[in-house]
Amino acid sequence: MTAPNIETIVSLAKRRGFVFPSSEIYGGLGSAWDYGPLGVELCNNVKQAWWRWMVYERDDIEGLDSSIILNRLVWKYSGHEDTFNDLLVDCRKCKSRYRADKLYEEVGGSGTFSGSIPAGSKCPTCGESDWTDPRPFNTMLQTRLGATAEDDPSSVAYLRPETAQGIFVNFANVLTTSRRKLPFGVAQIGKSFRNEVTPGNFIFRTREFEQMEMEYFVKPGEAESAHQEWIDACYSWFTSLGISADNLRLYEQPKEELAHYAKRTVDIQYRFFPEREEPERQWDELMGIANRTDFDLRTHSKKPEDAEGKRLNPDSTEDLSYFDEVNKERFYPYVVEPAAGVNRTVLSVLMDAYSEKTNDKGETRVILKLHPALAPIKAAILPLAKNKPELVGMAKAIKRSLQPVLRAVYDDTGGIGKLYARQDEIGTPSCVTVDHQSLEDEAVTVRDRDTWEQERVKVADLQEYLLERLKE
Ligand code: GAP
């Protein structure tokens, strides 16, 4: 079972402290969300899992953490100032504004959106059919740097819309300091910002979000095979997080959807909208894996010239080409880019982990079957009676002994059934109960979240036992 819709997760997330609407006491801020005590742990666990898989478990990837605000010229030469646009349409009657491609889908346009809304399409808000022509809207979020005049164009800067450019402009720095040879990659996790026209669907589309991106630099002739390898590897990574293959699929972007830098892009889509009748509309992008060719390193380089011998980039001070010592040739490496969203990964693992189970008394309980490595809390230590100082003391001592190695909590604020239910709902893989017998036999009962089976474990072996279960 998975969550029947995103709304189910919104309500669980608010009730249990995963995600709250941002600035709620002032009426909120459309599409901004804050991660609560459990949400921050889940996000951190997703990012750690990605970093471990992407950087530590491979021999060919370095890490980087670049600035969010870069020199404006980066966005000029990357093409984002000119082309990072969404097409907008307005309803002249009720003034509602839509992203044209999303409106096209909503009014039942067939095939892929090719730039116009079918005549007679009704506005989903007011039902009229009086549209403006689609027009481009640049979705980079602008800010101004320093105490400059409001209208001083030189103070304009952007909050990055992708982490990738910070990697490209540091290509030579990483290459020289790490003494890498092709192929190698540079990974980065960080916030990105887009002035989305129609944000929404909870944390699926927001204006501030987090990306996990890796730019893999290869010889031009090796890009296509490397691209396929990364598509397969990324798909397997999502299933290794416990996401069911039934809810994942690959989507080949048609030519007209490709970003200006991409030769080929394959998205990994998740079934974010299982409640939608039309099967094709149930899926949306979880991550994109692009073959960006040599576009980025070439465009940021000082050397390339046009047919008249004029430098294409007169502002760059660096040439980002690569010298292959073996073949004695110089070229601009191609880039394969797996780019995933932290927030969409969090949403997909929450939806996929959602399940319900009925107990002996006929009560339905929510169980969040998160992969143990992602679970915000790894073990809850629960005394069977809170009015017995010996039990409480032993339970607290066990919690203290575990906390340097795994995230454990102590809870005595309810009967044991209620405490178990609370932990099931937030995905805690193990509940450790300290009972009267524990005082005699120095052992505790460990209850499994998914099977509700119980096992007696010696306190001396508990840490190793729990760590072992996190690998499952
Ligand atoms: N550097 C390439 C790039 O940024 P993208 O497909 O635009 O590619 C990569 O973004 C991933 O970032 C997406 O697959 C998605 O998971 C996430 N993402 C993009 N825009 C988002 C938004 N407005 N809100 C939440 N996540 C977003």
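The values are calculated or read from the model by the stated rules, or taken from the named source; none is laboratory data. The structure displayed is predicted, hence computed values, not measured ones. Every residue, glycine among them, receives a Cβ derived from its backbone with ideal geometry; neighbour counts consider all protein chains shown. These accessible areas exclude ligands, DNA and RNA; they are computed on the full protein's heavy atoms, side chains included. Shrake-Rupley method; radii C 1.70, N 1.55, O 1.52, S 1.80 Å.
Summary of the geometry: segment 123-175 and segment 245-265, compared by the centres of their Cα atoms, lie 23 Å apart. Shape class of segment 225-337 from the Cα gyration tensor (axes a ≥ b ≥ c, square roots of the eigenvalues): prolate, since a/c reaches 1.5 or more and a/b is larger than b/c.
Name the trypsin sites (Lys or Arg not before Pro) in segment 428-472 that are in a loop by DSSP and that have at most 12 other C-beta atoms within 10 Å, would you?
On the way: sites: ARG447, ARG449, ARG456, LYS458, ARG469, LYS471; in loops: ARG449, LYS471.
Loop-located and lightly packed - LYS471.
Compared with the dominant principal axis of the Cα atoms in the chain, helix 6-16 is inclined by about 50°. Rounded to the nearest 20 debye, the dipole size of the chain about its Cα centre is 900 debye, using +1 on the Cβ of Lys and Arg and -1 on the Cβ of Asp and Glu. Cα to Cα, under 14 Å, and not fewer than 8 places away if on the same chain: which aspartates and glutamates meet these conditions relative to LYS386? Straight-distance partners of LYS386: ASP411, ASP412, ASP435. Of the GluC sites (Glu not before Pro) in segment 311-407, the ones in a loop by DSSP (not H, G, I, E or B) with at most 15 other beta carbons within 10 Å are GLU318, GLU325, GLU363. Once divided by 2.2 N^0.38 Å, the Cα radius of gyration of segment 339-472 becomes 1.08. Note on ARG456 and GLU229: the extension gain reaches 77.3 nm, defined as 0.36 nm multiplied by sequence separation minus the Cα-Cα distance. Only protein heavy atoms count here; on that basis, with a 1.4 Å probe, TYR158 has an accessible area of about 20 Å². Phi angles across segment 351-363 convert, under the Karplus curve 6.51 cos²θ - 1.76 cosθ + 1.60 with θ = phi - 60°, into 3J(HN,Hα) values of 5, 6, 7, 5, 8, 10, 9, 9, 8, 4, 8, x, 8 Hz, Gly and Pro given as x.
Kirkwood's formula applied to the C-alpha pairs of segment 1-65 gives a hydrodynamic radius of 14.1 angstrom. Using alpha carbons only, the radius of gyration of segment 290-394 set against its Kirkwood radius gives Rg/Rh = 1.41. Residues in the chain average 48 Å² of solvent-accessible surface per residue, probe 1.4 Å, ligands and nucleic acids excluded. Against the empirical curve 2.2 N^0.38 Å, the C-alpha radius of gyration of segment 139-208 lands at a ratio of 1.50.
Working from Cα positions, state the angle (0 to 90°, nearest 10) between the long axis of helix 459-470 and the longest principal axis of the chain. Between the helix axis and the principal axis of the chain, the angle is about 30 degrees. Spacing of the modelled spin labels on GLU256 and ARG365, each 7 Å from Cα toward Cβ, amounts to 5.2 nm.
Pairs to check: LYS219/LYS263; LYS361/LYS388; LYS47/LYS458; LYS47/LYS396; LYS102/LYS122; LYS361/LYS458. Give those whose C-alpha atoms are more than 23 Å from each other in this structure.
LYS361/LYS388; LYS47/LYS458; LYS47/LYS396; LYS361/LYS458
How large a share of the accessible area of the chain, in percent, is made up of carbon and sulfur atoms when the probe is 1.4 Å and the other protein chains stay in place?
After summing per-atom areas, the C and S share lands at 48 percent.
Scaled against the 2.2 N^0.38 Å expected of a compact globular protein of N residues, the Cα radius of gyration of segment 91-224 reads 1.46. Towards the positive end of the charge dipole of the chain, with charges on Cβ (+1 Lys, Arg; -1 Asp, Glu), say which of SER240, SER438, LEU64 has the farthest Cα. Selected residue: SER438.
Cα extents for the chain along the principal axes, largest to smallest and rounded to whole angstrom: 89, 65, 48. Label sites at ASP60 and GLU356, each approximated as a point 7 angstrom past Cα along Cα to Cβ, lie 4.7 nm apart.
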